[in-house]
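Remarks on the structure that follows.
The values are calculated or read from the model by the stated rules, or taken from the named source; none is laboratory data. Quantities reported herein were computed from a predicted structural model and do not represent experimental measurements. Here the Cβ is made from the backbone with ideal geometry for all residues, glycine too, and neighbour counts use every protein chain on show. Ligands, DNA and RNA are stripped out before the accessible areas are found, and what is left, the full protein with its side chains, is counted by its heavy atoms. Shrake-Rupley method; radii C 1.70, N 1.55, O 1.52, S 1.80 Å.
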Amino acid sequence: MIELEKPFCAISQAIRQQHPLVHHITNYVTAGFCADAALAIEASPMMADEPAEMGEIAGMSDALVCNLGTFNVRQQESFFLAAKTAHAKGTPVVLDPVGVMSSQLRLETAQQLLTSGVITILKGNSSEGRTLLGWDKGPGKGVDSLSDAHPEKIAAALAETFHCTAVVTGAVDAVSDGRRHYLGMNGTPYLSRITGAGCMTGTLMGAAAAVCQDGIMAALWAITCMNTAAEEAEKDCPGPGTFRVRLMDALSHHDGTTLAARFKGKRL
Amino acid sequence: MIELEKPFCAISQAIRQQHPLVHHITNYVTAGFCADAALAIEASPMMADEPAEMGEIAGMSDALVCNLGTFNVRQQESFFLAAKTAHAKGTPVVLDPVGVMSSQLRLETAQQLLTSGVITILKGNSSEGRTLLGWDKGPGKGVDSLSDAHPEKIAAALAETFHCTAVVTGAVDAVSDGRRHYLGMNGTPYLSRITGAGCMTGTLMGAAAAVCQDGIMAALWAITCMNTAAEEAEKDCPGPGTFRVRLMDALSHHDGTTLAARFKGKRL
Amino acid sequence: MIELEKPFCAISQAIRQQHPLVHHITNYVTAGFCADAALAIEASPMMADEPAEMGEIAGMSDALVCNLGTFNVRQQESFFLAAKTAHAKGTPVVLDPVGVMSSQLRLETAQQLLTSGVITILKGNSSEGRTLLGWDKGPGKGVDSLSDAHPEKIAAALAETFHCTAVVTGAVDAVSDGRRHYLGMNGTPYLSRITGAGCMTGTLMGAAAAVCQDGIMAALWAITCMNTAAEEAEKDCPGPGTFRVRLMDALSHHDGTTLAARFKGKRL
């Protein structure tokens with residue numbers, strides 16, 4: 001897609017040159033995988049969630065990723081402290097509301113973050129998105145969901161409701177900022193056979209948003225980077241162990257021109 | 001072993017069809033590996049340990065795995081809350097009392113869970129099993145133990161004492177529900193060269209117990225699935241890094257007929 | 001280097017024979033990787049950070065590794081409790097002050113541990129080392145730093161100031177105990193493309209210090225073991241995913257004679 005080449009090249013190059021510091025307040029299940037994904041694309045990850053150091057760390061970071069994966073009340077305090085600091089400095093904040101359909105406390109926390117206007121990019125699966133909109137959550141349980149037939153409707157509604165860039169992931173990914181609407185069709189079902197594919201995509205969004213003010217392009221770069229790496233990784237793949245290894249290898253070769261050329265999808 | 005084929009096929013198929021949601025309250029060392037193992041066999045993992053959301057999450061899950069690996073008092077509260085909810089709903093609960101020989105607090109927590117009658121399957125190494133029985137703990141330190149000469153005695157005593165299915169892992173694995181007693185002899189010493197082999201076996205037991213009411217068969221399926229995958233993974237293996245990758249690949253190909261055919265062991 | 005062969009052989013053999021129990025109070029990002037590294041070299045890892053069990057677990061361990069990677073105040077208490085117990089027993093304590101340049105609380109905690117005289121080996125990158133000395137922290141952000149032109153000056157100053165063995169890692173590693181000063185020049189930039197290379201080196205130092213009273217030799221063994229494994233892993237390596245797998249494979253083959261022969265560096 002011709003309109004993506006220029007921004008994708010700019011993002012890939014800037015990450016490689018600036019090594020943006022991506023502060024994560026995230027879950028302990030996929031933290032290591034996310035840190036590896038950040039390093040693979042040449043960003044600089046930092047995971048920290050002690051409330052007492054949120055001001056300092058959020059203050060020096062180039063992006064903040066808030067992931068509710070193993071939510072606890074200590075992290076809840078840190079989400080608010082860090083997001084407030086980041087927002088005040090103009091630092092982009094990505095929210096990944098993992099499992100928000102499974103816990104009232106996660107839902108309240110995500111909604112409070114979203115309505116306080118500090119979130120730059122909201123990224124979730126269709127069950128998470130629908131839950132945040134107060135819609136029927138659809139066929140999802142735990143932290144996973146089935147793909148929605150119309151993710152673009154969910155993304156557009158999230159973007160309008162919460163005044164941010166919204167990404168709804170699934171077999172087809174939808175990205176919207178309320179004005180512009182894209183579908184992304186790269187990827188492979190293999191991504192759901194390893195843990196943390198969604199979390200790593202959030203990491204990539206944080207890195208991209210750190211170097212690109214346009215949330216739509218940052219989000220599209222991140223999903224395309226993850227999904228085309230997955231396409232490469234699944235070739236003759238003997239199983240999910242090997243898939244994870246190859247995915248990390250493939251992520252490290254990101255290149256804006258190639259990503260734009262491999263992008264399958266469209267602007268709506 | 002002919003009597004295993006039917007239940008093993010039923011378990012493998014049911015996990016693939018139902019994708020049981022396995023709620024883990026577990027350690028941050030192996031959480032990612034356990035989530036990957038769950039996804040490899042096509043179960044759906046969820047790690048969550050905030051006390052405030054235990055009612056909701058345990059209430060929607062198909063199995064609960066309580067693992068004491070990086071025990072803390074916040075998790076202690078969650079163990080009791082989640083196990084109580086799970087038990088009330090008839091949801092199976094697996095207890096992996098990691099390192100119970102190394103800490104009085106772990107021992108008290110494990111004993112309290114066991115004596116309250118909420119545990120379906122108790123799975124540990126011989127030092128852990130002996131400690132729970134008040135026996136000499138044998139040659140183990142930290143979270144590891146050497147294999148016991150008579151794991152079947154420990155398993156039988158645990159099953160009788162705590163009225164549950166008991167599994168004692170080692171070079172030879174023993175499974176007992178107090179009435180039926182099995183030995184499993186699959187596996188490779190390589191499993192002790194990666195972290196989380198025991199924890200992942202607990203995950204597999206949770207998934208199997210979610211779809212099979214017979215704790216003995218669920219436990220045998222899980223140890224056979226893990227151990228035969230390990231046998232496959234160790235062929236010409238250059239080291240533990242590669243072993244972990246191949247183990248995950250092999251887990252994803254589980255098939256009840258093959259598992260039953262490869263099972264080495266006997267009913268006592 | 002001829003003077004290293006004897007101590008390196010002794011360390012490699014002792015780890016393989018004694019399987020020293022290395023207690024980690026560490027971050028949830030790299031805990032799994034560190035546990036795998038410990039098992040790869042045939043040490044026995046245990047991660048535990050609940051204050052209430054620190055006395056017991058530190059009391060039975062052969063080494064303690066304190067890593068500030070995902071610092072929180074609960075861990076702060078555990079650092080002091082465990083280090084005090086370890087020190088009283090003569091158990092070596094490794095401090096890895098991850099990200100100490102990024103948080104006042106980490107700095108205070110590290111300084112308090114260092115000035116209380118309980119640390120055997122202090123290991124950090126140049127930014128961390130400079131920060132602990134009250135020097136300008138140099139070009140580092142988050143948890144990463146660029147290599148310093150003169151790491152040996154930082155290491156010597158740390159060793160003198162804090163009366164311990166000090167290691168400053170980077171493209172060139174420096175080790176000092178205030179009397180003896182070494183440079184190590186093994187390794188590859190690839191190590192900075194995966195998360196936890198530094199943390200795993202701390203794990204290796206803990207295992208080596210458990211079996212070798214000479215902090216300098218323990219530290220040199222650990223950096224040489226990690227860095228020569230990395231040199232082996234990077235050959236024709238397609239990316240960081242594969243690099244991590246091969247690194248673990250290579251670590252498992254450690255051998256004192258080979259490590260000493262491959263050592264590049266010098267005594268100053």
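Okay, here's what the table says:
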read-out	value
Antiparallel bridges, percent of DSSP beta bridges restricted to the stretch B:121-268 (to nearest 5)	70 percent
Under the span-like rule (Cα at least 20 Å along the axis, Kyte-Doolittle mean at least -0.5), DSSP H helices of chain C	C:2-18, C:73-89, C:197-211, C:215-233
Innermost chain B residue relative to the axis carrying B onto C, by Cβ distance in angstrom	B:28, 2
Carbon plus sulfur fraction of accessible area for chain C, probe 1.4 Å, in percent	53 percent
Formal net charge of residues neighbouring residue B:189 (Cβ-Cβ distance under 13 Å; K, R +1; D, E -1)	-3
Label point 7 Å beyond Cα along the C-beta direction, distances from residue A:163 to other copies (nm, shortest first)	5.9, 5.9
Violating pairs (Cα-Cα greater than 31 angstrom) within the set A:141/B:235; B:141/C:266; B:141/B:266	A:141/B:235; B:141/C:266
Proximal charge balance of residue B:245 [Cβ under 11 Å; K/R count +1, D/E count -1]	+3
Solvent-accessible area lost in complex, 50 Å² minimum, residues of the stretch C:10-53 relative to chain alone, 1.4 Å	C:28, C:29, C:36, C:39, C:46, C:47, C:50, C:53
R0 of 30 Å, Cβ-Cβ distance residue B:104-residue B:171: FRET efficiency to nearest 0.05	0.55
Taking chain B and dividing mean pair separation by its residue count, relative contact order in percent (alpha carbons under 8 Å, at least six apart)	22 percent
Cα centroid of the stretch A:115-140 to Cα centroid of the stretch B:107-150, whole Å	43 Å
Modelled FRET efficiency - R0 45 Å, residue C:150 with residue A:253, Cβ distances, 0.05 increments	0.80
Rounded to 5, the percent of DSSP beta bridges in chain B classed as antiparallel	40 percent
DSSP-loop trypsin sites (Lys or Arg not before Pro) across the stretch A:140-184, with at most 13 other Cβ within 10 angstrom	A:179
Trypsin sites (Lys or Arg not before Pro) within the stretch A:233-268, DSSP loop, no more than 13 other Cβ atoms inside 10 Å	A:235
Distant-in-sequence amide H partners of residue C:98 (H built 1.01 Å from N, under 5 Å)	C:68, C:69
Shortest-first distances to equivalent copies, position residue A:56, nm, label 7 Å out along Cβ	3.4, 3.4
Accessible surface buried upon B-C contact (total; probe 1.4 Å; Å², nearest 100)	2300 Å²
Helix-only [θ]222 nm of chain C, DSSP H runs n ≥ 4, -39500 (n - 2.57) each, per residue, nearest 500	-16000 deg cm²/dmol
Solvent-accessible area lost in complex, 20 Å² minimum, residues of the stretch B:193-229 relative to chain alone, 1.4 Å	B:193, B:195
Mean separation of Cα contacts under 8 Å, 6 or more apart, over the residue count of the stretch A:118-268: relative contact order %	20 percent
Label geometry 7 Å along the beta-carbon vector: residue B:180 inter-copy distances in nm	6.1, 6.1
Between the stretch A:36-77 and the stretch C:156-171, the alpha-carbon center distance in angstrom	29 Å
Shape of the stretch A:151-268, Cα gyration tensor, a/c cut at 1.5	prolate
Relative contact order (percent, whole number), the stretch C:31-102, Cα cutoff 8 Å, 6+ residue spacing	33 percent
Under-5 Å amide H pairs with residue C:47, H placed in peptide plane, nonlocal only	C:24
Centroid-to-centroid separation of the stretch B:1-26 and the stretch B:195-251 [C-alpha atoms, Å]	12 Å
Cβ-placed point charges (K, R +1; D, E -1), dipole of chain B about Cα centre in debye, nearest 20	440 debye
Probe 1.4 Å, protein heavy atoms only - accessible area per residue of the protein assembly as shown in square angstrom	32 Å²
DSSP beta bridges in the protein assembly as shown [antiparallel fraction, %, rounded to 5]	40 percent
